[in-house]
């Protein structure tokens with residue numbers, strides 16, 4: 001199994017999918033405890049949810065599970081949200097604060113996993129962003145995520161349906177941020193927030209360099225928007241997805257149109 005799947009498109013948008021993978025080498029999977037074996041913190045079915053929404057988009061998807069190493073965390077191990085509960089480069093607990101490992105990995109093993117999984121994913125993502133920018137003058141990374149709608153360890157109450165992150169408007173042009181925000185805010189029957197609990201992970205912050213023609217935005221969806229249940233078996237709900245997908249498509253198409261316009265003027 002290769003650590004990353006790439007589908008190349010000729011448009012200006014790159015869809016990043018760091019947390020949809022469920023593959024783990026047996027030597028890693030066997031060291032997870034019963035709780036870890038559930039792989040509960042997967043961004044379930046995000047690849048299926050976005051399939052075909054933006055035909056010209058490039059897709060960069062990690063095939064490995066985030067319990068091996070989290071491709072959306074700073075490779076140095078620095079916290080994304082200092083002072084708040086979160087999970088690390090190799091998570092020791094799940095999103096509920098419960099242990100994952102029978103035998104937790106040490107520093108040497110974490111570094112080996114970084115080289116085997118995290119580095120190839122970001123090498124591929126960097127290469128695609130460079131290719132897209134060379135073609136269009138700009139590249140927009142739209143980082144695709146989902147999470148359970150209620151996780152007391154991470155946040156109070158119920159999460160909004162659409163959680164847009166631009167690290168406080170620093171990772172993309174204001175027009176791109178506004179297009180995503182406006183589309184979600186006007187989606188009937190859904191809730192949304194900009195730079196709330198989730199402001200964009202390491203990927204968004206690292207690749208968001210608007211002055212260089214690299215724009216990045218994170219979309220964190222509450223899993224209640226497209227799963228029939230947020231507990232095992234985390235089943236995909238076709239009717240919920242059919243209602244959600246047009247909203248995501250509108251946001252992506254608006255971002256793509258903006259990117260093409262911006263590229264033409266660079």
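Just a few scattered comments:
- Output for region 193-205, where each listed residue is touching a helix residue (DSSP H, G or I) at 6+ places or on another chain (Cβ under 8 Å) and either in a loop (DSSP other than H, G, I, E, B) or surrounded by fewer than 21 Cβ atoms within 10 Å (Cβ to Cβ) (or both): 194
- The lone criterion from (1) within 18 Å of the chain's Cα centre (by Cα); (2) under 23 Å from residue 14 (Cβ atoms) left unmet by residue 173 is number (1).
- Answer residue from region 213-242, given it is assigned to a helix (DSSP H, G or I) and free of Cβ contacts under 8 Å to residues at least 12 places away in the same chain and is nearest to residue 12 (Cα to Cα) among those: 242
- Pair list, Cβ under 8 Å, 6 or more apart: region 12-26 residue under 10 Å from residue 57 (Cβ atoms), other residue part of a loop (DSSP other than H, G, I, E, B) and at pLDDT 95 or above: 12/138; 13/54; 13/56; 13/57; 14/57; 15/54; 15/57
- Annotation: residue 167 fulfils all but one of (1) assigned to a loop (DSSP other than H, G, I, E, B); (2) out of contact with any helix residue (DSSP H, G or I) (no Cβ under 6 Å at 6 or more places or on another chain); (3) crowded, with 16+ Cβ neighbours inside 10 Å; the unmet one is (2).
- Residue within region 174-184 that is outside any helix (DSSP H, G or I) and modelled with pLDDT of 95 or more present: no
- Single residue of 238, 220, 212 found to be out of contact with any strand residue (DSSP E or B) (no Cβ under 9 Å at 6 or more places or on another chain) and either surrounded by 18 or more Cβ atoms within 10 Å (Cβ to Cβ) or under 17 Å from residue 46 (Cα atoms) (or both): 238
- Within region 141-160, the residues that satisfy the criterion of being closer than 30 Å to residue 124 by Cβ and assigned to a loop (DSSP other than H, G, I, E, B) are 148, 151, 154, 159.
- Output for region 110-137, where each listed residue is in contact with a helix residue (DSSP H, G or I) (Cβ under 9 Å, 6 or more places away or on another chain), surrounded by fewer than 17 Cβ atoms within 10 Å (Cβ to Cβ) and part of a helix (DSSP H, G or I): 126, 135
- Within region 25-47, considering residues that are part of a loop (DSSP other than H, G, I, E, B) and in contact with a strand residue (DSSP E or B) (Cβ under 7 Å, 6 or more places away or on another chain), the one surrounded by the most Cβ atoms within 10 Å (Cβ to Cβ): 44
The values are calculated or read from the model by the stated rules, or taken from the named source; none is laboratory data. Keep in mind the model is a prediction, meaning the values are calculated, not measured. Every residue, glycine among them, receives a Cβ derived from its backbone with ideal geometry; neighbour counts consider all protein chains shown.
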